[in-house]
1. So if I check each of Gly86, Gly130, Gly122, which one is assigned to a loop (DSSP other than H, G, I, E, B) and either of a type in the set (Phe, Trp, Tyr) or within 18 Å of Ala55 (Cα to Cα) (or both)?
2. For Gly112, are the conditions met, namely being in contact with a His (Cβ under 9 Å, 6 or more places away or on another chain) and assigned by TED's automatic domain parsing to the domain that holds Ala156?
3. For the stretch 61-83, how many residues are outside any loop (DSSP other than H, G, I, E, B) and surrounded by fewer than 18 Cβ atoms within 10 Å (Cβ to Cβ)?
4. Go through the residues of the stretch 149-158 one by one and say whether even a single one is in the same structural domain as Ser69 (by TED's automatic domain parsing), surrounded by fewer than 16 Cβ atoms within 10 Å (Cβ to Cβ), of a type in the set (S, T, N, Q) and not in a strand (DSSP E or B).
5. Does the stretch 61-97 hold any residues that are among the small types (Gly, Ala, Ser) and free of Cβ contacts under 8 Å to residues at least 12 places away in the same chain, and which are they?
6. Exactly one condition in (1) over 11 Å from Thr53 (Cβ atoms); (2) surrounded by fewer than 13 Cβ atoms within 10 Å (Cβ to Cβ) is false for Gly144; which is it?
7. Given the conditions (1) under 19 Å from the mean Cα position of the chain (by Cα); (2) within 14 Å of Ile54 (Cα to Cα); (3) modelled with pLDDT under 95; (4) not polar (S, T, N, Q), and given that Tyr114 satisfies all but one, which numbered condition is not satisfied?
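The values are calculated or read from the model by the stated rules, or taken from the named source; none is laboratory data. Just so it is clear, the structure is predicted and the values come from calculations on it, not from any experiment. No Cβ is skipped: glycine too gets one built from the backbone with ideal geometry, and neighbour counts run over all protein chains shown.
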Amino acid sequence: MQNKLISRILIVAAPITVAYSVLALIASSTPQSADLHSVQRLLPPPRKCSVWTIAGDYAYTIEGTLLISPTVTLPIHGISLGHYDGKGNKTQLDHVVVNGQEPQEEWISGSGTYTVDENCTGSQEVFIDGNPNPIRSHFIIANGGREIREVIDANAVTAVGVKVE
């Protein structure tokens, strides 16, 4: 009876002993002098963005659906060349095809303003020539400022801009 009890204890104790041994080996292989603050000093500082982060030209691809009314939607596809001046001003040229129809003008220009938050999110408002209503959008700056991912407010349209180098 006593042998069975010892066998049961060993069956339970053996895996626990192995687990603690592995943990002890891992802990002993970690440098003991490194604390959290010294490790953080070795890491690069968190990225902070500003209007200057996206200064320059970006080639955009535009895709989505214009929401004309609850029952009328139109597919939209286009390209755009946007210029950010690094001071909060933007100009752009667009070639946009709506519902498969070629635009009346080959290229339509627009201009407006943009803001960028330190966390690399931002928004913009652009007035397209001939349209009194601004196009508002929100974006995220990616790849260290080499890419902008954008969604147009009030429609189901997205755009991705890649830095022109």
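1. Step by step, each of Gly86, Gly130, Gly122 is checked, and only Gly86 is assigned to a loop (DSSP other than H, G, I, E, B) and either of a type in the set (Phe, Trp, Tyr) or within 18 Å of Ala55 (Cα to Cα) (or both).
2. Working: in contact with a His (Cβ under 9 Å, 6 or more places away or on another chain): no; assigned by TED's automatic domain parsing to the domain that holds Ala156: yes.
Spelling it out, it is not the case that Gly112 is in contact with a His (Cβ under 9 Å, 6 or more places away or on another chain) and assigned by TED's automatic domain parsing to the domain that holds Ala156.
3. Filtering the stretch 61-83 down to residues outside any loop (DSSP other than H, G, I, E, B) leaves 61-67, 73-83.
From what is left, the residues that are surrounded by fewer than 18 Cβ atoms within 10 Å (Cβ to Cβ) are 61, 63, 65-67, 73-75, 77, 79, 81, 83.
Qualifying residue count, the stretch 61-83: 12.
4. No - not one qualifying residue is present in the stretch 149-158.
5. At the first step, the residues of the stretch 61-97 found to be among the small types (Gly, Ala, Ser) are 64, 69, 78, 80, 82, 86, 88.
Result: Ser69, single match.
6. So Gly144 meets the others, but not (1).
7. Tyr114 satisfies all of (1) under 19 Å from the mean Cα position of the chain (by Cα); (2) within 14 Å of Ile54 (Cα to Cα); (3) modelled with pLDDT under 95; (4) not polar (S, T, N, Q) except (3).
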